[in-house]
Amino acid sequence: MTHRSSMVRTAIAITAIGALFSLAGCSGSQGATELDPEADVTITWWTGQSDEAQKLLEGMAGEFEELHPNVTIDISPGASSTEELLQKLSAGFAGSSYPNISYAFGAWASELESSQRTLDITEQVADPEVAWDEFSEAARATVQPTGEAIIGFPALVDNISLIYNKTVFDAAGVDYPTEEWTWAEFRDAAKKLTNPANETYGYAYSVSGSEETTWQFWPHLWQNGGEILSEDQSTAAFASEEGVEALEFLRQMAVDDKSIYLDQTDTKFAQLFAADRIGMMTSGPWQLWDLGVAGTDYGVTMLPGTDGDHQTVSGPDIWALFDTQDVNENYWSVELMKWLTASEQDLRWNVAYGNLPLRASEIDTPEFQEQVAALPGLDIMAQNNENATNARPTVSGYVGLSEAVGNAISQVLQGQGTPEEALKAAAEKADRSLSGD
């Protein structure tokens, strides 16, 4: 697992794999049909992790086994990389041999549910002791991809916040951003921070056309009142008046103000920020360690807002649960994930590993504050999960939609075409992807 999460790694051929899912019925050998919590049971858990992260989870699996001697946990990464888990799962569905629990990128959630193999845990998480509402709205929505069944627990949460370079701000004599900033104030500061003489830019934006390009656009769209998809999730809705207005704002900064460094690589902008050549970037917790190593003097705050709306975008990953037709296995799969995602354990898993805490209740704990001391700004990013109120679509056509939107944004920011024309053309491509063409 990397701190970059699945936000910028959704370009996996899930559409083709969806065909395999549709062929997989619910056949398979029948296990226990009456619950006996004391019965011996083996749970297969694919973690999608490696190295230190895998060792942490193996240790926690051992703890759970000590607490429940009748439970044996067969824990493994599941595949040589997290990206390969989806294909391995689909093959397992076809052969009626699949794990009880698997790590999964949030982008896969709809595909997993359509396999008809997932376990619906809606009733179990309604238990007040689970404290389901402590997870961010985006995380809860991701594990409930169609708005009906809840197919797992949040595994990792993150978001993008505004990171600013204090050295660049001080040199330009510009006041630091605040939590009340508007996008107009953001644009004004970016112009003041831009200095062609020493090739310093106020802001940076990816024009690679990847998901890095696309997901940075969603907060602008949402804050303007726009939506990515129609209500039934069958057609694109981003080429709206709100979408055009959002892209026009970025176009003005890039083309008219020339205050944005346009990054073709997705990675160079962070290096330039660390080297005091860029004043602001919108990014997530995965950047903080590198900034600390570089000795960059930085600060973190919420994204600028529109009419007081400061919502951000999040890329939650999940622990997907699967129905193995054995009620004892299903019971202990849920119990294991309830235990793992409880605050006490999450502090020793996500927080200890340097990720954001899954639950808002962990922010004030000594364990998390210790991480904040090592990674300043991590606490602001954790608080910013409250602004993660929308989830990116998990429909199979999202990959094609993302590519279409990313290319449209890239063209417009480089002075090619208008936002209205570019988004209209992107919507037509997206609709073809969403319909399976």
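The values are calculated or read from the model by the stated rules, or taken from the named source; none is laboratory data. Quantities reported herein were computed from a predicted structural model and do not represent experimental measurements. Please note: Cβ atoms are built from the backbone with ideal geometry, for glycine as well, and neighbour counts cover all protein chains shown.
In this structure, is Glu212 within 21 Å of Ser402 (Cβ to Cβ) and surrounded by fewer than 20 Cβ atoms within 10 Å (Cβ to Cβ)? It is false that Glu212 is within 21 Å of Ser402 (Cβ to Cβ) and surrounded by fewer than 20 Cβ atoms within 10 Å (Cβ to Cβ). A residue that is buried (at least 17 other Cβ atoms within 10 Å of the Cβ) and among the acidic types (Asp, Glu) can be found somewhere in the stretch 357-372. Between Ala270, Ala275, Ala254, Ala246, the distinction of being within 13 Å of Thr213 (Cβ to Cβ) and of a type in the set (Gly, Ala, Ser) belongs to Ala254 only.
Does any residue of the stretch 23-43 turn out to be surrounded by 19 or more Cβ atoms within 10 Å (Cβ to Cβ) and modelled with pLDDT of 95 or more? Checking the stretch 23-43: at least one residue is surrounded by 19 or more Cβ atoms within 10 Å (Cβ to Cβ) and modelled with pLDDT of 95 or more. Applying the criterion of being crowded, with 20+ Cβ neighbours inside 10 Å and touching an Asp or Glu at 6+ places or on another chain (Cβ under 9 Å) to the residues of the stretch 262-276, the residue that is farthest from Trp183 (Cα to Cα) is Ala274. Number of residues in the stretch 131-165 that are assigned to a helix (DSSP H, G or I) and either of a type in the set (D, E, K, R) or touching a residue at least 12 places away in the same chain (Cβ under 8 Å) (or both): the value is 8.
Using the structure shown, decide if Ser333 is hydroxyl-bearing (Ser, Thr, Tyr), in contact with a helix residue (DSSP H, G or I) (Cβ under 8 Å, 6 or more places away or on another chain) and not in a loop (DSSP other than H, G, I, E, B). No, not satisfied.
For the stretch 301-328, residues that are over 20 Å from Asp379 (Cβ atoms) and surrounded by fewer than 22 Cβ atoms within 10 Å (Cβ to Cβ) total 8.
From the list Tyr298, Tyr261, the one residue that fits, being aromatic (Phe, Trp, Tyr), farther than 18 Å from Pro376 by Cβ and touching a residue at least 24 places away in the same chain (Cβ under 8 Å), is Tyr261. Taken over the stretch 397-416, the criterion of being surrounded by fewer than 24 Cβ atoms within 10 Å (Cβ to Cβ) and either assigned to a loop (DSSP other than H, G, I, E, B) or among the polar types (S, T, N, Q) (or both) is satisfied by Asn407, Ser410, Gln411, Gln414, Gly415, Gln416.
When we screen Glu34, Glu58, Glu111, Glu66 for residues that are assigned to a helix (DSSP H, G or I) and in contact (Cβ under 8 Å) with a residue 40 or more places away in the chain, the only hit is Glu111.
Only one of the numbered conditions (1) crowded, with 18+ Cβ neighbours inside 10 Å; (2) in a loop (DSSP other than H, G, I, E, B); (3) without any contact (Cβ under 8 Å) to a residue 60 or more places away in the chain is not met by Asp175, and that is (1). Restricting attention to the stretch 214-231, the residues that are over 14 Å from the mean Cα position of the chain (by Cα) and among the β-branched types (Val, Ile, Thr) add up to 1. In this entry, Ser96 is excluded by the filter for residues that are polar (S, T, N, Q) and either under 15 Å from Glu335 (Cα atoms) or part of a strand (DSSP E or B) (or both).
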